[in-house]
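What follows is one structure encoded as structure tokens, with my remarks underneath.
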Amino acid sequence: DAGVIQSPRHEVTEMGQEVTLRCKPISGHNSLFWYRQTMMRGLELLIYFNNNVPIDDSGMPEDRFSAKMPNASFSTLKIQPSEPRDSAVYFCASSRGMGGQGDEKLFFGSGTQLSVL
Amino acid sequence: SQQGEEDPQALSIQEGENATMNCSYKTSINNLQWYRQNSGRGLVHLILIRSNEREKHSGRLRVTLDTSKKSSSLLITASRAADTASYFCATSSNAGGTSYGKLTFGQGTILTVHP
């Protein structure tokens, strides 16, 4: 199993540019999460999908952020336009699903280090 | 403050010593999980303890949960230099009556094990 695959590994862009982060969850997992990690705020849940449907997007900071999951094997997180304060490590994680108890462990990708200049 | 706060923020020990990290949380939970993060990498799941469990072991890891105090501890015995990493607790709770896999992470404890 290749694990959760994220791309790109690093992204450097200028303020105002569009940024698209990509994630391929583990095959057979039906829950997908996007987290953002910064020194100041720690790990923040941005959005959560179950069976490709967004369940909770209350963590998405602004309308500049959007996420899609067109199928079970692919998700994107888009920032348009990007700002310097968006600089962070963005993690994608997947799990087997809710299981009625919400207790499935998460498998994380290696993250995308985003720098907005 | 965040659900799931670790204590201490940083811990420095010698190889062979035990390391204890604590986590406190505020709301009722379904389960509590501990994750490890090596520098520049994603988080890796270590152990999960359910709300009706009090103690769990996995190799050199021992986790306790006290729901009356809303706290958990992670003990790493006989630490090794390779245990150097950040350790996070994460809680899963029923929010608004909906049960789902949302995990809320604490700020983490940075553990340094000196050879």
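Laboratory data are not the source of any read-out in this text; all were calculated from the coordinates shown. Computed from a prediction, not measured in an experiment: that's the story for all the values here. For neighbour counting, all protein chains shown are included, and Cβ atoms are generated from backbone atoms with ideal geometry for every residue, glycine included.
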- prompt: Which FRET efficiency, nearest 0.05, do B:Gln14 and A:Lys68 yield, Cβ-Cβ r, R0 30 Å?
  reply: 0.05
field: Local net charge near B:Ser79, Cβ-Cβ under 15 Å (Lys/Arg +1, Asp/Glu -1)
entry: +1
message: If R₀ is 25 angstrom, what is the calculated FRET efficiency for the pair A:Val12 and B:Arg41, using the beta carbon separation as r and rounding to 0.05?
response: 0.80
Modelled FRET efficiency - R0 30 Å, A:Ile5 with B:Arg50, Cβ distances, 0.05 increments: 0.50
- line: Going through A:Lys24/A:Lys68; A:Lys24/A:Lys78; B:Lys26/B:Lys102; A:Lys105/B:Lys102; B:Lys69/B:Lys102; A:Lys68/B:Lys102 one by one, the pairs whose alpha carbons sit over 20 Å apart turn out to be B:Lys69/B:Lys102
query: Mind listing the phi-derived Karplus ³J(HN,Hα) values for the range A:21-35, rounded to whole Hz, using 6.51, -1.76 and 1.60 with θ = phi - 60°, and x for any glycine or proline?
result: 9, 10, 8, 10, x, 5, 4, x, 7, 10, 10, 9, 10, 10, 10
task: Give me A:Cys92, B:Cys23 ranked fewest to most by other Cβ atoms within 10 Å of their Cβ, as a rough exposure proxy.
output: B:Cys23, A:Cys92
field: In sequence order, calculated HN-Hα J values of the range B:72-84 (Karplus, 6.51, -1.76, 1.60; Hz; x Gly/Pro)
entry: 9, 9, 10, 10, 10, 8, 6, 4, 10, 4, 5, 7, 4
message: For the pair B:Leu75/B:Thr112, report the inter-label distance in nm, with labels modelled 7 Å from Cα in the Cβ direction.
response: 2.6
